[in-house]
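The values are calculated or read from the model by the stated rules, or taken from the named source; none is laboratory data. Everything numeric here is computed off the predicted structure, so don't read it as measured data. Using ideal geometry, Cβ is built from the backbone for each residue, glycine included, and neighbour counts are taken over all protein chains shown. Accessible surface is based on the protein model in full, side chains and every heavy atom, while ligands, DNA and RNA are left aside. Shrake-Rupley method; radii C 1.70, N 1.55, O 1.52, S 1.80 Å.
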Amino acid sequence: MAVFEVLQYPDPRLKQVSKPVTAFDAALQSFLADLEATMRAGPGSVGIAAPQVNHFFRIAIVDVSSKPNIPQHGCLRLINPEIVQHAGEVKGREGCMSVPDYTGTVVRAQSVRVRAQDADGQCREFDCEGYEARAVQHELDHLDGLLFLDRVVSPRHDLFRRKR
Amino acid sequence: MAEPMKSDNQWHMLTVIGADRPGIVARLTEALFRGGCNLGEASMVRLGGNFSIMLMVQGADAAALERLVRPVTDALGLRLHLDPIHGELHQHIEPNVQVTVYGADRPGIVAQATAALAAAGLNILDLNTDVGGTAERPIYIMLIDGHAVEGVAAVERAIAPLRAGGVEVRVSALDTMIG
């Protein structure tokens, strides 16, 4: 396994939209292993998305199992993921391996249903809530060229941005 | 931000306070930019309707900085203050606890709360307070983000006695999601 170099903002490549995965082959399995190794090499990281390692395909990994006593699904390998349902709004702090030395407050859906293919191309659905749901939303944003910086709100006031 | 044009890398903390009006930040930073200065981290807040800003500035010595900013502050009736500082960028400490204290306003809330927090090993990283409610029945609200060296439970134990004094206290763990 290899640990990839993680792209860091202001690298413009982080702002591009990734393409769907079409081949569920050995190269994908190998990439998933290396992507997971890269996530685990990052200090405290509970998720990673393929574009963070200069690979612009719709692949993300989320694993919040290191956090005690929260609802979670173990290691989620999400290929071509999409959020098909969401509910609630909750604020929380986020950071990112691609944005060192900055954390910010971000409003996310409290719960999401994510539909994705697994490493073999099988369609799966996961109902995620709280911290895991936050991680899923953060990683899926990367696939659309969005960073948490695009969603950060002022921590000083308990205000939600007006819906546009 | 870009490296400053001048060779003087000493950081200063520029503090400006006074009556608020629109455009103060724009005029201050325009003067600094034209003078070849580089800005670091900053915090501007209105306190009781007063403008206040603390702004890290690099690229000129104290006398030169004052020459750049003084015309603006004099024109706007603001007071300015400059201190040389050590500019510690890229070394943020991540808060792991948030403390909210509120109640009917009375003297001593901040002193009592922060004494308890300090004793519990809390390093306050961000603190802001507001006076809300009405003039007749003011309420005091304090929000603190901090790093609890001895853990969140120690903070909760230390600050719990304040509840007997009639203030509401909420301690919650902050767990930053790194993705």
Inset, instruction - Would you mind finding the one in B:Gly77, B:Gly23, B:Gly36, B:Gly59 that is farther than 23 Å from B:Leu127 by Cα and in contact with a Cys (Cβ under 7 Å, 6 or more places away or on another chain)? - result: B:Gly59
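Looking at B:Glu136, is it under 26 Å from A:Gly130 (Cβ atoms) and either at pLDDT below 95 or more than 13 Å from chain A (Cβ to nearest Cβ) (or both)?
No: the conditions fail for B:Glu136.
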Legend entry - Options B:Arg106, B:Arg27, B:Arg67; residue that is under 30 Å from B:Arg163 (Cα atoms) and basic (Lys, Arg): B:Arg106
Inset, instruction - Hey, can you tell me all the residues within the stretch B:19-40 that are exposed (fewer than 12 other Cβ atoms within 10 Å of the Cβ) and within 29 Å of B:Gln91 (Cα to Cα)? - result: B:Ala26, B:Arg34
Legend entry - Elements of type strands (runs of 3 or more DSSP E) contained in the stretch A:50-164, each with 1 or more residues being more than 14 Å from every other protein chain (Cβ to nearest Cβ), in contact (Cβ under 8 Å) with a residue 12 or more places away in the chain and open to solvent by 70 Å² or more (accessible area, probe 1.4 Å): A:75-87, A:111-117, A:123-129
Legend entry - Hits in the stretch A:1-49 (condition: of a type in the set (A, V, I, L, M), touching a strand residue (DSSP E or B) at 6+ places or on another chain (Cβ under 7 Å) and within 14 Å of chain B (Cβ to nearest Cβ)): A:Leu35, A:Met39, A:Val46, A:Ile48, A:Ala49
Inset, instruction - For the stretch A:40-49, name all the residues that are crowded, with 22+ Cβ neighbours inside 10 Å and farther than 18 Å from A:Ile70 by Cβ. - result: A:Ile48, A:Ala49
Inset, instruction - Please verify whether the stretch A:27-36 includes one or more residues that are within 23 Å of A:Glu82 (Cβ to Cβ), open to solvent by 50 Å² or more (accessible area, probe 1.4 Å) and in contact (Cβ under 8 Å) with a residue 60 or more places away in the chain. - result: yes
Inset, instruction - Could you tell me which numbered condition B:Val16 fails, if it satisfies all but one of (1) under 19 Å from the mean Cα position of the chain (by Cα); (2) not in a strand (DSSP E or B)? - result: (2)
Inset, instruction - Would you be able to say whether some residue in the stretch B:146-156 is closer than 25 Å to A:Lys91 by Cα and within 11 Å of chain A (Cβ to nearest Cβ)? - result: no
Inset, instruction - Return the pairs, sorted by first residue and then second, in which the second residue is open to solvent by 30 Å² or more (accessible area, probe 1.4 Å), the first residue lies in the stretch B:69-80 and is small (Gly, Ala, Ser), the beta carbons are less than 7 Å apart, and the residues are 6+ apart or on different chains. - result: B:Gly77/B:Ala19
Legend entry - Some residue of the stretch B:159-170 being open to solvent by less than 60 Å² (accessible area, probe 1.4 Å), of a type in the set (Val, Ile, Thr), modelled with pLDDT under 95 and closer than 26 Å to A:Val64 by Cβ: no
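Of all the residues that make up the stretch A:36-68, how many are small (Gly, Ala, Ser) and over 13 Å from A:Asp141 (Cα atoms)?
Total meeting the criteria: 7.
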Inset, instruction - Check B:Arg170 against each of (1) among the basic types (Lys, Arg); (2) under 24 Å from the mean Cα position of the chain (by Cα); (3) assigned to a helix (DSSP H, G or I) and name the one condition it does not meet. - result: (3)
